[in-house]
Amino acid sequence: MTDVPSPGAAQRAYRAACPNCGAPVEFRSAASAFAVCSFCRSTLVRDGEALRRTGESAELFDDHTPLQLGAAGTHQGAAFTLVGRLQYRYAQGTWNEWHALFDTGRSGWLSEDHGRYVMAFERRLDAAPSPPASEQLRVGAAQIVDGQSWTVASVTVARLIAAQGELPAPPVTDRGFVVADLRSTRDEVGTLDYGNPAQPTWSIGRSVSLADLRLTGLADAGEKTLSARGLACPSCGAALEIKLATTQSIVCHQCHAVVDVSQGVGAELAHYAQENGSEPLIPLGTIGRIAFGTAVAGTLSALDWQVVGYVERCEVESTLDEDQVFWREYLLYHRTAGFTFLIDADDGWSWAAPITGVPQRFGDSVKHDGVLYRQLYSYTGKVTYVLGEFYWRLRRDERTHNIDYRGTGPASSRRLNREQTATDGVQEVVWSAGETLTADTVRSAFRLPADQAARFARDATPLAGTAGNLVRKVVAGLVLGILFLMLARCDSSDDCSDERSNFGEASQEYQRCLADRRSGSRTGGGSWGGFSSGGGGHK
């Protein structure tokens, strides 16, 4: 494989002023606990609850959009300018809606939708039949609105927390109200806004990319300023201004004493590291150039993606005769393309991104974008470890119900996933689409050393992506019988040396290999991954 072009600038950065010399110090990851000033070599520590809770709760990735008032673009040949903004908060985070005023006088809304964007326009509802009351909506159920069929994707209570610029109607800021998203097989998202419960508003939107809107006047690249805290040096009394919070020490700029400021924070981080094994194979803050297909920004061109979040998950076992499956997900961010997930599962690498609509059902199969997908697995996943930032509130031990689908015929490398969540009183169904990737493609895209190739390799088992749970159980039972006969004639030597050298003795991979050796069960994955792209809905 040929080398990929050198990655570009960071899509997301944290900046703080050195408390010793004032020089700017940049952090490329929300999970970075330490930094050293390149000018005076002072040790700095990061301030922020995310690091005190590393492994348990990810930091909310707020203000990721480059949009701002005055930005202008075109949609379907019509010019518009962003003249107003509404920001809403709900239990899982926040989202923005930008009032797009077209030169024709028409108003539209450019809204955030699972880390991407939707251009929506309000529609007048016919008097009969009247729109459903919010309490009648059930997530995942079919619903007729304005004579068309929809699937209820989410129902949540939101509150308007900020308003800017020119708006077509007075903002409702004194109370919370129900907002429901409905999605269709026409790749549309419809929103029922119950700000006025007796007369909800109805809007319909479609996914758009900022590149296709040909926007000008966007905000500068995302940068987050870190706050400061101070203390007196116990040696000389000089004021030490600490810009970050989770550290073990800081060097006094006057007497050069090394001051311990950990106070148990380091112990908490060490506890999570010990409990959850090795660090991500792709470090947070790393930038890779890779093409993710038409589901991302509507283009096949390669973009510079930055790793901003990392989560480890496991499948919650439903029966004792099933192997527990583990997988890892990386949240990637591009300033104008939004977010994409990179999934590292036992049966290989893949990528995925949320879609605007919903597939069409055909029994246990679904059809999307002209491709028929057959169901692979249905399972419950649980979050076991979290690092970095996510655009919704992601915490350890959260559970999701997932169904994986695989494309048929020439599209067998394509994947679909349906994920249903119920967290903090918010119920939501999210569909995501993606495709498999080779380990070499991933490693090369992020320009990681060739000597790490073995750590990225994943064995695609004969069962992976080709059969359902029933077949997995039957074949696994046959394999168990053969392995028990073989183990009766074999010694108990450690056959997990590769996992130990690649991932470490405390890793999940090595421990699971040892457990499989003891039980005689298989080590293959069998599940596509069950990535999570839930949370952070645009309404």
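The values are calculated or read from the model by the stated rules, or taken from the named source; none is laboratory data. Since the model is a prediction, treat every value here as computed from it, not as a measurement. As a convention, Cβ positions derive from the backbone with ideal geometry for all residues, glycine included, and neighbour counts pool all protein chains shown.
Computed values, structure above
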read-out: Any hit, region 211-222, residues being part of a strand (DSSP E or B) and at pLDDT below 80; value: yes
read-out: Tally of residues being more than 23 Å from E312 (Cβ to Cβ) and surrounded by fewer than 16 Cβ atoms within 10 Å (Cβ to Cβ) across region 413-439; value: 2
read-out: Residue within region 312-329 that is within 23 Å of L210 (Cα to Cα), within 21 Å of the chain's Cα centre (by Cα), in contact (Cβ under 8 Å) with a residue 60 or more places away in the chain and buried (at least 22 other Cβ atoms within 10 Å of the Cβ) present; value: no
read-out: Some residue of region 330-348 being at pLDDT 90 or above, of a type in the set (G, A, S), buried (at least 20 other Cβ atoms within 10 Å of the Cβ) and touching a helix residue (DSSP H, G or I) at 6+ places or on another chain (Cβ under 6 Å); value: no
read-out: Test: residue in region 362-385 that is over 15 Å from R414 (Cβ atoms) and not in a strand (DSSP E or B); value: yes
read-out: Region 135-183, residues that are of a type in the set (D, E) and loosely packed, with under 12 Cβ neighbours inside 10 Å; value: E135, D174
read-out: Matching entry among L342, L331 (being aliphatic (A, V, I, L, M) and closer than 21 Å to A91 by Cα); value: L331
read-out: Top-ranked residue in region 380-410 [being modelled with pLDDT of 90 or more and of a type in the set (S, T, Y); ranked as nearest to the chain's Cα centre (by Cα)]; value: T400
